[in-house]
Each structure stands twice: as C-alpha cells, then as structure tokens.
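See below for the structure under consideration.
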Amino acid sequence: MRMIWNAQKIFHINTRMPTDLHPIKVVDGLKDLSKKLVIVNGDDPLSRQAQENATLLFNIHLRSTLCSRRMIEEFRLSGEAYDWLLGEIESKFNQAIAHPGEMVGALAAQSLGEPATQMTLNTFHYAGVSAKNVTLGVPRLKELINISKKPKTPSLTVFLLGQSARDAERAKDILCRLEHTTLRKVTANTAIYYDPNPQNTVVSEDQEWVNIYYEMPDFDVTRISPWLLRVELDRKHMTDRKLTMEQIAEKINAGFGDDLNCIFNDDNAEKLVLRIRIMNSEENKMQE
C-alpha cells in the first residue's frame, strides 16, 4: 500500500479524475511481473514446483492488491504510474531474496528484537500517565504472540456518534453501561454477624431502617437465617458508575431468587448498606 501511495504522490494522481489505465494492461502487467519473480531457477519438475511454492502467497497478494478494479476505481493510477509501481515491486523483491545458506533465524530474531527494544524504551516515557497505563514492550509482545485470552490491562477506545460525542454527561452514561462492574468493585467492607432477631439487630446503626422493613415484611420472617452478611458499599465508586442500591439488590435477587433475602437502606444514607440472609427451606425450618 505504501508503494501505491508513493506512486500517487510522485505522479500527482487525482483520485477524483478518470484514469487512462486499461484493465487489459493491468492483467498483462501482473502476468509479466509474476514471470520475472524467480527464486528457484530451472525447468525440471522439482525446480518448477519449488518456484511455485516459494512465490504462491506473494502472487496471491499481488493479484488481490493490484487487481484491475482497484487500480482503476480505487487508486486511479495512470499507465505511467502503474509501470513504475511494477518496476518498484520487482526491484524490492529481488533485493529481499535471501542467499542460499543465509542464517534467516538470526535475522528474524534481530528483526523482532529491535522494535521490541524500542517499545520497551517508549514504555518509560508514559510512566504515571493514566491514559497510557497499558501493557507495553516485551510483555505486550508476549501477549500478542501467545494470543493471551486475559490481557493484563484490557482497554477499549470507543468513538461516539451524534449528540453523545459532544455531551460529556451522555458519554459518561455510555461508559457506565459498557463497563463491566462486579460487587467486589463497589464494596468497601463486609462482615458476618450472628443476628437471630432481625427486629432487634445487633448492629445498632442499622436498627432504624431495618425496623421499617420488618413492620410489613413481604416474606416469611420465620424462614430467614440467624446469620447475617452485612455489605457496606463505597459511595464514590457507586456514584462514578451511576449505580443505585435498588439496582444492586435486584441483581442479587435475580441471581439467587427466593434463596436469599436482601434488604438495603436509602441511597442518601450516610453509609450504603446491604443486609443479606439465607432463606431456609421448610425442612431446615422444621429441624431448627
């Protein structure tokens, strides 16, 4: 592609203007170029097969990139520019042919090691920059080569359209909907209490709002477990992700159904608290 762009610049190709390049010239030029790209000389069957194997993928790439439709409709190359492009491809190809016995393994290692070293050097320039806080250098190269399913610092760049692209608040809403959030990310503290009488809870700071729930309960109070899991949520993280206590309680109830009883206080309370208890089955209730 870079050689095509160079041809467009050198010959001042205007992509909005028609071209004088004929499709037959494109096809014939590709055929002639393919015959000139020789790696294994000889007319015996083994040499011909080796030559075909060595140039097969390159010829496929040539035919897909330099097809007549793309040359005429997309790149709009002139006949002169097309001839220059074919000559450049032939010249670059001949320069790239390795000599028999060449240590290609060492060359490949150098070719990979040099840019990897530069990547490592660039990493230090971004130290402490949150926008660039991604895995770079050799560790990132290892992730790419190993096709790691769990990259260390996954990131996503999203380009918004319409009104959201100009409104920071709407963009923040989209971010909150896209980002995967677990209960762990918004939890500040957890504790387990033995609290056999919910209407007279051992956690005195919860007593007031817990009494409101148990004045008119919508569940069988006798089934609840005496063990209480009290989860205190982080208000800052909740606000950043635009979450409410009701949303979190709904997700917990949706996941566990009638096996758990989850109650919560108001979003404007000083501390955001979830109180979770296991709901005993009828058999366990009889045993107790």
At most 14 other Cβ within 10 Å, DSSP loop - trypsin sites (Lys or Arg not before Pro), the range 1-57
R16
In whole Hz and in residue order, list the ³J(HN,Hα) couplings for the range 86-96 that follow from phi through the Karplus curve 6.51 cos²θ - 1.76 cosθ + 1.60, θ = phi - 60°; x for Gly and Pro.
5, x, 5, 4, 4, 5, 5, 5, 5, 5, 8
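Looking at the range 212-260, which chymotrypsin sites (Phe, Trp or Tyr not before Pro) are DSSP coil and have at most 16 other C-beta atoms within 10 Å of their C-beta?
On the way: sites: Y213, Y214, F219, W227, F256; in loops: F219.
Within the range 212-260, the qualifying chymotrypsin sites (Phe, Trp or Tyr not before Pro) (loop, at most 16 other Cβ atoms within 10 Å) are F219.
Rounded, prolate or oblate: pick one for the range 1-116, where a ≥ b ≥ c are the square roots of the eigenvalues of its C-alpha gyration tensor, a/c under 1.5 means rounded, and failing that, prolate if a/b is larger than b/c, else oblate.
Taking the square roots of the gyration eigenvalues as a ≥ b ≥ c, the range 1-116 is oblate.
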What is the Cα centroid distance between the range 23-101 and the range 135-202, reported in whole angstrom?
50
Please list log₁₀ I(q)/I(0) at q = 0.07, 0.12 Å⁻¹ for the chain, using the Debye equation with identical point scatterers on the alpha-carbon positions.
-0.62, -1.00
Between 0 and 90 degrees, rounded to the nearest ten: what's the tilt of helix 137-146 against the longest Cα principal axis of the chain?
90
Got a sec? Charge dipole of the chain, +1 on Cβ for Lys and Arg, -1 for Asp and Glu; which of C176, I212, Q110 is way out at the positive end?
Q110
For D173 and W227 in one chain, what is 0.36 nm times their gap in residues minus the Cα-Cα distance, to one decimal in nm?
15.7 nm
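How long is the gain from C67 to I24 if the chain were fully straight, where each residue apart is worth 0.36 nm and the alpha carbon distance is subtracted?
So the extension gain works out to 14.4 nm.
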Compute the distance in nm between two label points, each set 7 Å from the Cα along the Cα-to-Cβ direction, one at K271 and one at L107.
7.0
Nearest 10, in degrees from 0 to 90: the angle of helix 168-178 to the longest Cα principal axis of the chain is 90
Amide H contacts under 5 Å for A188, restricted to residues at least 5 apart in sequence or on another chain and with H modeled in the peptide plane, are E232, L233, D234
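Values quoted throughout were computed directly from the atomic coordinates according to the rules given, and no laboratory measurement underlies them. Keep in mind it's a predicted model, so treat the numbers as computed, not measured. Don't worry about glycine lacking a Cβ; one is built from the backbone with ideal geometry, like all the others, and counts go over all protein chains shown.
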